[in-house]
């Protein structure tokens, strides 16, 4: 479906149904919804007094933190690869 017309997928997050419209495959959108649900459910379990909005904001911050951690790891990996390639070009070998 990627690249085609948007598809509509219903995902269930914390007991509520949400219709998500996107160009990704329906299975991918479902997985994303399941991940958000899992993060929010865990936060709610550990903080039962928080409102749904507060739970959603903490979930967004946690998911953003995971994303930035992966981006940082990716950038470090690219630097290591670049350094390794530069060493090989100088004849230093792996």
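A short reminder: the numbers here are calculations on the coordinates, not readings from a lab. This is a predicted model, so every value here is computed, not measured. Note that each Cβ is placed from the backbone with ideal geometry, even for glycine, and that neighbours are counted across all protein chains shown.
Between helix 52-89 and the chain, what is the angle of the helix's C-alpha long axis to the longest principal axis, kept within 0 to 90° and rounded to the nearest 10? Result, in degrees: 10. Net length available on complete extension from residue 73 to residue 17 is 16.7 nm, with 0.36 nm assigned per residue and the Cα-Cα distance removed. Relative to the longest principal axis of the Cα atoms of the chain, helix 26-46 runs at roughly 70 degrees. The distance between label points at residue 86 and residue 38 comes to 3.8 nm (points 7 Å beyond Cα on the Cα→Cβ vector). Extension gain for residue 47-residue 66 works out to 4.8 nm (0.36 nm per residue, less the C-alpha to C-alpha distance). Think of it as helices only: each DSSP H run of n ≥ 4 in the chain is worth -39500 (n - 2.57), and spread over all residues that comes to -22500 deg cm²/dmol at 222 nm.
How high is the relative contact order of the chain, given as a whole-number percent (alpha carbon pairs under 8 Å, six or more residues apart)? Relative contact order comes out at 17 percent. Principal semi-axes of the equivalent ellipsoid, √(5λ) from the alpha carbon gyration tensor of the stretch 1-79, are 24, 23, 8 Å from largest down.
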